[in-house]
Amino acid sequence: MAEALISGILSGATLAPDDILAADVNEDRLRLINQRYSVATTTDSLHAAQAAEYILLSVKPQQIDEVVSALKPALTPQKTVISIAAGVSVARLQALAGPGVPIVRVMPNAPALVNRGMSAAALPPGLADEKKSFVDRLLRSAGEVIYVDEDLIDAVTAVSGSGPAYFFLFVRELAEAGVDAGLTREMALTLARQTFIGSAALLSETERSEDELIQAVASPGGTTEAALGVFASSDFKNIISRAVRAALDRAGELADFTRLG
Ligand SMILES: NC(=O)c1ccc[n+]([C@@H]2O[C@H](COP(=O)([O-])OP(=O)(O)OC[C@H]3O[C@@H](n4cnc5c(N)ncnc54)[C@H](OP(=O)(O)O)[C@@H]3O)[C@@H](O)[C@H]2O)c1
């Protein structure tokens with residue numbers, strides 16, 4: 001995720017390579033990042049945090065306690081910490097970072113890897129306008145951003161954080177059904193993938209709502225309507241709703257688990 005953000009930041013000219021210092025424990029990873037993006041690198045995270053105005057935390061939730069504790073000497077109210085760690089609350093980060101350190105909690109998603117991400121950010125109260133504006137530009141370099149209260153971040157996780165996997169599942173199952181209908185696997189995958197990619201592009205370029213787009217494809221008494229009838233009678237709406245609820249519940253459990261762990 002950090003690499004996706006670096007790539008987006010540089011391609012959108014939000015920052016220049018000289019403005020970024022990437023820290024990681026993995027030297028091979030750092031070498032690669034340096035070769036790809038010409039940004040300076042270090043294995044000394046504390047040094048990176050001391051040198052930086054904005055500190056993006058992009059380690060696994062289980063590593064957050066160790067990492068933020070190690071950075072603590074560098075964390076002052078003048079810095080801004082931006083965390084994308086799933087399930088790690090602002091309260092927990094604040095306890096680790098110390099009082100007065102501005103903390104922005106963000107939930108990005110996988111399409112950030114191709115600069116088409118969807119992020120939701122919870123900003124700390126009273127964050128200075130220039131910091132808000134920087135965070136906004138940073139997140140927009142990887143796609144879209146909305147702002148939410150922190151208590152909605154689990155809901156965001158269940159919709160847009162996990163959402164790409166729901167989409168990939170649908171692509172796979174549509175292709176499988178195509179194979180059952182007599183297509184070769186290659187044909188079925190090409191048809192299913194391009195259908196979703198094209199539909200996503202259409203959705204992003206039209207003013208029409210999802211309902212209008214469905215109506216535009218489904219003529220009365222036609223093939224699409226027959227298929228949609230099966231979705232409706234199989235309670236597709238309820239399946240989606242239960243899946244999102246399960247992700248939401250799990251986000252809450254994981255927050256507890258990473259806190260305990
Ligand atoms: N991937 C997603 O779709 C997604 C979506 C939303 C949010 N997130 C969040 O994004 C965060 C990063 O996820 P990711 O998938 O990018 O993880 P990742 O690929 O594991 O990247 C984390 C990097 O941090 C390094 N690291 C580990 N301990 C460190 C330390 N003490 N100091 C400095 N660097 C350290 C890791 O090195 P090693 O590999 O050697 O441990 C690894 O290179 C996670 O908190 C995740 O919850 C991810």
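What follows draws every value from the coordinates through simple rules; no lab data is involved. Note that the coordinates shown come from a computational prediction; the quantities given were computed from them, not determined experimentally. All Cβ positions, even for glycine, are placed from backbone atoms using ideal geometry, and neighbour counts span all protein chains on display.
Hey, among Ala49, Ala2, Ala22, which residue is closer than 25 Å to Met107 by Cβ, of a type outside the set (D, E, K, R) and near the ligand (Cβ under 9 Å from one of its atoms)? So that I can check it myself, show each step before the final result.
Working: Ala49 fails: near the ligand (Cβ under 9 Å from one of its atoms); Ala22 fails: near the ligand (Cβ under 9 Å from one of its atoms).
Going through Ala49, Ala2, Ala22 in turn, just one is closer than 25 Å to Met107 by Cβ, of a type outside the set (D, E, K, R) and near the ligand (Cβ under 9 Å from one of its atoms): Ala2.
Which of the residues that make up region 25-46 are outside any strand (DSSP E or B) and more than 11 Å from the ligand (Cβ to nearest atom)? Write out each step before concluding.
Keep residues of region 25-46 that are outside any strand (DSSP E or B), which gives 25-39, 43-46.
Selection gives Arg31, Asn34, Gln35, Arg36, Tyr37, Ser38, Val39.
Quick check on Ile33: is it buried (at least 21 other Cβ atoms within 10 Å of the Cβ) and free of Cβ contacts under 8 Å to residues at least 40 places away in the same chain?
Values: buried (at least 21 other Cβ atoms within 10 Å of the Cβ): yes; free of Cβ contacts under 8 Å to residues at least 40 places away in the same chain: yes.
Spelling it out, Ile33 is indeed buried (at least 21 other Cβ atoms within 10 Å of the Cβ) and free of Cβ contacts under 8 Å to residues at least 40 places away in the same chain.
What is the one condition in (1) among the β-branched types (Val, Ile, Thr); (2) touching a strand residue (DSSP E or B) at 6+ places or on another chain (Cβ under 8 Å); (3) farther than 30 Å from Gly87 by Cα that Thr157 does not satisfy?
Going through the list (1) among the β-branched types (Val, Ile, Thr); (2) touching a strand residue (DSSP E or B) at 6+ places or on another chain (Cβ under 8 Å); (3) farther than 30 Å from Gly87 by Cα, Thr157 breaks only (3).
Could you check, for region 53-69, whether at least one of its residues is more than 14 Å from the ligand (Cβ to nearest atom) and not in a helix (DSSP H, G or I)? Outline the logic, then answer.
Kept after step one, since they are more than 14 Å from the ligand (Cβ to nearest atom), are these residues of region 53-69: 53-54.
Then drop every residue that is not not in a helix (DSSP H, G or I), which leaves 53-54.
Yes.
Please list, ordered by first then second residue, the pairs with beta carbon atoms under 8 Å, 6 or more apart or interchain, first in region 1-24 and over 15 Å from Ile84 (Cα atoms) and outside any helix (DSSP H, G or I), second of a type in the set (Lys, Arg) and near the ligand (Cβ under 9 Å from one of its atoms).
Close Cβ pairs (under 8 Å, with a partner that is of a type in the set (Lys, Arg) and near the ligand (Cβ under 9 Å from one of its atoms)) do not exist here.
Among the residues that make up region 75-86, is at least one of them within 16 Å of the ligand (Cβ to nearest atom), over 25 Å from Gly12 (Cα atoms) and small (Gly, Ala, Ser)?
Applying the first criterion (within 16 Å of the ligand (Cβ to nearest atom)) to region 75-86 yields 75, 81-86.
Then keep just the ones that are over 25 Å from Gly12 (Cα atoms); that gives 75, 86.
Subset that is small (Gly, Ala, Ser): 86.
Yes, because at least one residue in region 75-86 is within 16 Å of the ligand (Cβ to nearest atom), over 25 Å from Gly12 (Cα atoms) and small (Gly, Ala, Ser).
Being within 15 Å of the ligand (Cβ to nearest atom) and either surrounded by fewer than 22 Cβ atoms within 10 Å (Cβ to Cβ) or assigned to a helix (DSSP H, G or I) (or both) narrows it down to one of Leu93, Leu127, so name that one.
On the way: Leu127 fails: within 15 Å of the ligand (Cβ to nearest atom).
From the options Leu93, Leu127, the qualifying one is Leu93.
Output the number of the condition that Asp136 fails; it satisfies all remaining conditions of (1) crowded, with 17+ Cβ neighbours inside 10 Å; (2) closer than 24 Å to Gly12 by Cβ.
(1)
Evaluate region 72-84: report whether one residue or more is touching a residue at least 40 places away in the same chain (Cβ under 8 Å), within 30 Å of Pro164 (Cα to Cα) and part of a loop (DSSP other than H, G, I, E, B).
The initial filter retains those residues of region 72-84 that are touching a residue at least 40 places away in the same chain (Cβ under 8 Å), namely 80, 82, 84.
Going one step further and asking which of them are within 30 Å of Pro164 (Cα to Cα), we end up with 80, 82, 84.
After this cut, where a residue has to be part of a loop (DSSP other than H, G, I, E, B) as well, the list is 84.
Among the residues of region 72-84, at least one is touching a residue at least 40 places away in the same chain (Cβ under 8 Å), within 30 Å of Pro164 (Cα to Cα) and part of a loop (DSSP other than H, G, I, E, B), which makes the answer yes.
Identify all residues within region 210-243 that are part of a helix (DSSP H, G or I) and of a type in the set (Gly, Ala, Ser); write none if there are none.
Step one: filter region 210-243 for residues part of a helix (DSSP H, G or I), giving 210-217, 223-233, 236-243.
Passing the criteria: Ala216, Ala226, Ala227, Gly229, Ala232, Ser233, Ser241, Ala243.
Of all residues in region 125-148, which are touching a strand residue (DSSP E or B) at 6+ places or on another chain (Cβ under 6 Å) and closer than 25 Å to Gly252 by Cα? Outline the logic, then answer.
We begin by selecting, within region 125-148, every residue touching a strand residue (DSSP E or B) at 6+ places or on another chain (Cβ under 6 Å); these are 131, 135, 139, 142-148.
Scanning region 125-148 gives Leu139, Glu144, Val145, Ile146, Tyr147, Val148.
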